[in-house]
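Novice: Following this message is one structure expressed as structure tokens.
Derivation of every value follows stated rules applied to the coordinates shown; laboratory data play no part. This one's a predicted model, so the numbers in the text were calculated from it and none came from an experiment. Note that each Cβ is placed from the backbone with ideal geometry, even for glycine, and that neighbours are counted across all protein chains shown.
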Amino acid sequence: MVLAVSAALTGCAMLAKEPVPIGERPTTVERPPLNERPPGDAAIGQEIAALARRHIGASYRWGGSSPSGFDCSGLVRYVYAQVGVSLPHNAAKQYRLGAPVAREELEPGDLVFFDRLRHNGIYVGDGRFVHARQTGRGVNIASLDDGWYASHWVGARRLDLPADAGWDQLR
């Protein structure tokens, strides 16, 4: 409700501005909002997956949420913060966000959850996900079909990303 009122007020404020003549408009190309992208355009999810992969080999640290050491939800939180999405530092709380996704419908960038919501990671495609599991292993890639992960699967979520979700920060 507040967002709708804010949008309406912003729209009214925009009407009061002078139009910019065509010859003086900036020539930058803007990407369409994520909710208007064509079906099958998973570029943002691929970029999030690439961001997650950059941290493979980082140390595990309980409560960690930076490249100096991550726990599972800290890694997810950190990667999504790079594209302007603020998440809580708790797997169970992250599970409450976004929309449920069936395992067979997973796309890169989706969040995957295990062990009664005590563990999560970022799906990167081909049945694999990046996660921070425990001391000694650090951030690594695992398969959804590996025994423990398959038997402790809870579900997956796809987050609604803002229209300006870090397009420029991703590179």
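Novice: Under the rule a/c < 1.5 gives rounded, and otherwise a/b versus b/c splits prolate from oblate, where does the range 48-121 land using the Cα gyration tensor?
Specialist: Details: a/c = 1.60, a/b = 1.33, b/c = 1.20.
Note, shape of the range 48-121 comes out prolate.
Novice: For the range 42-158, what relative contact order do you get, as a whole percent, if you take Cα pairs closer than 8 Å and at least 6 residues apart? List each step's numbers first, then the result.
Specialist: Values: 247 pairs, mean separation 35.0, N = 117.
Reported relative contact order: 30 percent.
Novice: Sticking with this one: At a 10 Å Cβ-Cβ cut-off, how would you order 62, 153, fewest neighbours first? Numbers along the way, then the final one.
Specialist: Values: 62 12, 153 15.
The fewest-first ordering by Cβ neighbours comes to 62, 153.
Novice: Sticking with this one: Amide H of residue 119: which non-local residues (sequence gap of 5 or more, or other chain) have their own amide H closer than 5 Å, using H built in the peptide plane?
Specialist: HN-HN under 5 Å from residue 119: 114.
Novice: Taking the number of other C-beta atoms within 10 Å as the exposure measure, put 86, 65 in order starting with the fewest.
Specialist: Least to most surrounded, the residues fall as 86, 65.
Novice: While we're here: Please arrange 122, 56 by counting, for each residue, the other beta carbons lying within 10 Å of its beta carbon, fewest first. It would help to have the intermediate numbers written out before the result.
Specialist: Numbers: 122 24, 56 13.
With the sparsest Cβ surroundings first, the list reads 56, 122.
Novice: Beta carbons within 10 angstrom, averaged per residue: use that to sort the peptides 88-96, 144-152, 66-74, 106-114, highest first. Don't jump to the answer; show the numbers that get you there.
Specialist: Working: 88-96: 16.1, 144-152: 12.6, 66-74: 20.2, 106-114: 23.1.
Going by the mean number of other Cβ atoms within 10 Å, highest first, we get 106-114, 66-74, 88-96, 144-152.
Novice: For residue 160 and residue 54 in the same chain, what is the full-extension length gain: residue separation times 0.36 nm, less their Cα-Cα distance, in nm? Before the final figure, lay out the partial values.
Specialist: Numbers: separation 106, 0.36 × 106 = 38.16 nm, distance 2.25 nm.
Full extension from residue 160 to residue 54 adds 35.9 nm.
Novice: Then there is this: At what distance in nm do the modelled label points of residue 115 and residue 153 sit from each other, each positioned 7 Å from its Cα along Cα→Cβ?
Specialist: 1.8 nm
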